[in-house]
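Quick notes on the structure that follows.
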Amino acid sequence: MSSFAYQEDTAASVECLEALQPKQWLFRAGEEKESVYRVEAGAILLSSHAPDGALINSSLVFPGDFLGLGFLSTYRSTAVAAIASTVTRYSVAEFDRLCEHRADLSEIRDTAIRSEFEKLRIETVNNASNSPLTAKVANFLSVAAHLAQIEGRNPNLSGDTLNLEQLVDLFKVESLMMLAAIHELERCNIIFCDLAFEIKIVDPDGLEAFCFASGSA
């Protein structure tokens, strides 16, 4: 995320300054996302781990950069102070209000959302090989619906061009296999595939429930 010259908008922002000691946790992966943070001094170590605890990746976040942005309701990474650090904490709602009046903040937030979506898209496509194709497709459509809603578009994907050919190319499977997966979701009245093989989500809540039931959520 890009740094920018920050100016305090209100006195309340100053009251949200938090001092962190080395190795002090800021948030952990999987926790509910209640706050967004801007690093003011020091350095924060951001890391992601596999279910078995193996380190996937890590990076340092320095003054001027943000932590906790994205469209998911939970944190995807763990943040801990690498050295003595200071951060400014915003509630998610407060940060969204600031973005309405600050184009620089809005761009930083939107870039983080796009980045998180792309990572989820890759994870969905590269999901475990024993995961049923239907569950993979459902999970991908769920992520796409969430992103559309955040960007002010219809979560049913109306107006978006998503078709059979794109999904076949994305998941690297035969057309007949993808048609079978799409047909299964259609039978559940979750999606609709028209004669041009363009796909729309009929029931976003049903899609979420399907993902949860299949263990792909």
(request) All but one of (1) over 28 Å from Asp110 (Cβ atoms); (2) exposed (fewer than 15 other Cβ atoms within 10 Å of the Cβ) hold for Met178, so report the exception by its number. (result) (2)
(message) I need every pair where a residue in the range 192-205 that is without any contact (Cβ under 8 Å) to a residue 24 or more places away in the chain has its Cβ under 8 Å from the Cβ of a residue that is among the charged types (D, E, K, R), sequence separation at least 6 or different chains.
(response) Phe192/Glu186; Phe192/Lys200; Asp194/Lys200
(request) May I ask you to list the residues in the range 80-118 that are buried (at least 17 other Cβ atoms within 10 Å of the Cβ), touching a Gly at 6+ places or on another chain (Cβ under 8 Å) and under 18 Å from Cys16 (Cα atoms)? (result) Ala81, Ser85
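Among the residues of the range 58-89, count how many are of a type outside the set (D, E, K, R) and over 22 Å from Leu147 (Cβ atoms). Don't jump to the end; show me each part of the working.
Residues of the range 58-89 that are of a type outside the set (D, E, K, R), as a first pass: 58-64, 66-75, 77-88.
With the extra rule that they be over 22 Å from Leu147 (Cβ atoms), the set shrinks to 58-64, 78-88.
Total meeting the criteria: 18.
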(message) Condition first: of a type in the set (A, V, I, L, M) and closer than 21 Å to Leu105 by Cα. Now tell me which residues in the range 39-78 satisfy that.
(response) Val39, Ala41, Ala43, Ile44, Leu46, Leu60, Val61, Leu67, Leu69, Leu72
(request) List the number of the failed condition for Asp52; all other conditions in (1) over 18 Å from the mean Cα position of the chain (by Cα); (2) closer than 19 Å to Ala84 by Cβ hold. (result) (2)
(message) Please go through (1) out of contact with any Phe, Trp or Tyr (no Cβ under 8 Å at 6 or more places or on another chain); (2) modelled with pLDDT of 80 or more; (3) assigned to a helix (DSSP H, G or I) for Glu123 and return the number of the only condition it doesn't satisfy.
(response) (2)
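One residue is enough: does the range 196-206 have a residue meeting the conditions surrounded by 13 or more Cβ atoms within 10 Å (Cβ to Cβ) and over 26 Å from the mean Cα position of the chain (by Cα)?
Filtering the range 196-206 for residues surrounded by 13 or more Cβ atoms within 10 Å (Cβ to Cβ) gives 197-204, 206.
Next cut, over 26 Å from the mean Cα position of the chain (by Cα) only: 197.
Checking the range 196-206: at least one residue is surrounded by 13 or more Cβ atoms within 10 Å (Cβ to Cβ) and over 26 Å from the mean Cα position of the chain (by Cα).
What residue, among those in the range 165-175 that are assigned to a helix (DSSP H, G or I) and touching a residue at least 40 places away in the same chain (Cβ under 8 Å), is surrounded by the fewest Cβ atoms within 10 Å (Cβ to Cβ)?
Among them, the one singled out is Leu170.
The values are calculated or read from the model by the stated rules, or taken from the named source; none is laboratory data. From a predicted model like this one, the values you see are computed outputs, not experimental measurements. As a convention, Cβ positions derive from the backbone with ideal geometry for all residues, glycine included, and neighbour counts pool all protein chains shown.
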